[in-house]
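See structure below.
The values are calculated or read from the model by the stated rules, or taken from the named source; none is laboratory data. Note that the structure is a prediction, hence the values are computed from the model and not measured. Quick reminder, even Gly has a Cβ in these numbers, built from the backbone with ideal geometry, and neighbours come from all protein chains shown.
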Amino acid sequence: MKTVLMIAYHFPPLAGSSGIQRTLRFVQHLPALGWRPIVLTADPRAYERTSPDLLDDVPTATVVRRAFALDTARHLNIQGRYMGWMARPDRWISWRFDAVRQGLQLVKEFKPDAIWSTYPIATAHVIGQQLHKKTGLPWVADFRDPMAQDGYPADPDTWRSYQRIEQEAVEDASRSVFTTPGAAQMYRERYPQAASRITVLENGYDEESFAHAAVAPSSPLAADQPVVLLHSGIVYPSERDPTQLLAALQRLRAAGDLQPAQLRIRFRASAHDDLLTGLASQYGVQDFIELCPAVPYREALAEMLSVDALLVMQASNCNAQIPAKIYEYLRAGRPILGLTDPQGDTAGVLRGAGLDAMARIDSVDEIAALLPRFVAAVRAQSVRLPDPAAVQNASRQGRSKAFADLLAEVVGSP
């Protein structure tokens, strides 16, 4: 059995990010595919929120080392302020020092065949590159999403640090991995000299987690019950801006085309409840909206399985990104309403699953035209559901097999 050293900030007991699932499920499935994962992650003190609910999903035989790390914003501020260089490229840059030290110990102790580091914490790639240079081991840089983008990060110095890290990673790594075709193509055009080493490995869902998600028996929707449309996860103010959705609700209510008795939009663990509350008040649609706190992972899956429909939001500034949650939505087998750019990769995933209930997230007209039809179709049980073949293709087990094949290519083994 070969060994891979996996550098990931997002790992249990961190809570509040669906990004944790990518590393965790690889760790679960790789041993059956001939690869032993060794995990190098951050001390839990660095996490803003923690939860024990996924710790039991880490196989007991997995070696997990937690390097010292601080969150600059929480641990190193003076009267709520800190110097910008102390959080560049991100607030967890302190992680690199002990992580490199412990990483070298892990290399000496377990003699891994390859190194893998995963963004969106840029410091992970800093650690991965340093260990690659010090050991000569092949390195896979898992970007997931693009790093330096137009206008992101907003701070020019941070943007330059992102650009430098991504360039060095793409040039030095044996493979650079992205989760969407659009992101991979963007980087092939940006770094043509490394185009042959840039590849796609999408996110997915974990079948075992769904098998253990407790779901109450469903009953037909009564005439006096509203359709519950669930958005599970973070509502980013720019990338998943709900403004036009709430403006459309105001218009539909005023026209008599949709009332709170017919539709309830539930935002679970939005991380921006204040934004949603303010917008709902501004447009007078508070009684269309439910704001609900975070719940353990399997409870969140059970909710996806039991609600009437699911809502995915992704703006055009993220056309080369796909919310990881969408694959769990597909597995839940419920109707899905997509508010996204039809030219983006998120729309491509929905269309690939046979779904067509989509409107542009920034178009009040399109949303107002779509919502009443969608609600009526859900109530009549005539709405399209995800294609089973597309759902099967999105399993984490299949993604792990692709990852194992990629590692085998990198180390030159069959």
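Can you tell me which residue in the range 61-85 is nearest to Arg22 (Cα to Cα), limited to those that are within 25 Å of the chain's Cα centre (by Cα) and in a loop (DSSP other than H, G, I, E, B)? Give the derivation first.
The first filter runs over the range 61-85 and keeps only residues within 25 Å of the chain's Cα centre (by Cα), leaving 62-74.
Filter once more, so that each one left must be in a loop (DSSP other than H, G, I, E, B): 62, 68-71.
Details: Thr62: 16, Phe68: 22, Ala69: 21, Leu70: 23, Asp71: 22 Å.
Step by step, filter the range 61-85, then rank; the result is Thr62.
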Fill in the blank from the handout: Within the range 342-381, the count of residues that are small (Gly, Ala, Ser), over 25 Å from the mean Cα position of the chain (by Cα) and modelled with pLDDT of 95 or more comes to 4
Exercise for the section: Test Pro59 against the stated conditions and say whether it is modelled with pLDDT of 95 or more and loosely packed, with under 15 Cβ neighbours inside 10 Å. Expected result: yes
Problem - Failed criterion for Ala247 (all others in (1) buried (at least 22 other Cβ atoms within 10 Å of the Cβ); (2) within 25 Å of Gln343 (Cα to Cα); (3) in contact (Cβ under 8 Å) with a residue 60 or more places away in the chain hold) - result: (1)
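Which residue out of His29, His132 is in a helix (DSSP H, G or I) and closer than 24 Å to Thr158 by Cα? So that I can check it myself, show each step before the final result.
Numbers: His29 fails: closer than 24 Å to Thr158 by Cα.
Testing whether each residue is in a helix (DSSP H, G or I) and closer than 24 Å to Thr158 by Cα leaves just His132.
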Exercise for the section: May I ask you to list the residues in the range 366-414 that are under 24 Å from Glu208 (Cα atoms) and not in a helix (DSSP H, G or I)? Expected result: Leu385, Pro386, Asp387, Ala394, Ser395
Handout entry: Residue check for Ser176: of a type outside the set (D, E, K, R) and outside any helix (DSSP H, G or I)
Key = yes
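Table: residues versus (1) among the small types (Gly, Ala, Ser); (2) in contact with a His (Cβ under 6 Å, 6 or more places away or on another chain); (3) surrounded by fewer than 16 Cβ atoms within 10 Å (Cβ to Cβ).
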| position | (1), (2), (3) |
| --- | --- |
| His132 | no, no, no |
| Gly136 | yes, no, yes |
| Trp139 | no, yes, no |
| Asp142 | no, no, no |
| Ala148 | yes, no, no |
| Gly151 | yes, no, yes |
| Asp157 | no, no, yes |
| Arg164 | no, no, yes |
Exercise for the section: From (1) free of Cβ contacts under 8 Å to residues at least 60 places away in the same chain; (2) polar (S, T, N, Q); (3) within 20 Å of Ala124 (Cα to Cα), pick out the condition that doesn't hold for Gln193. Expected result: (3)
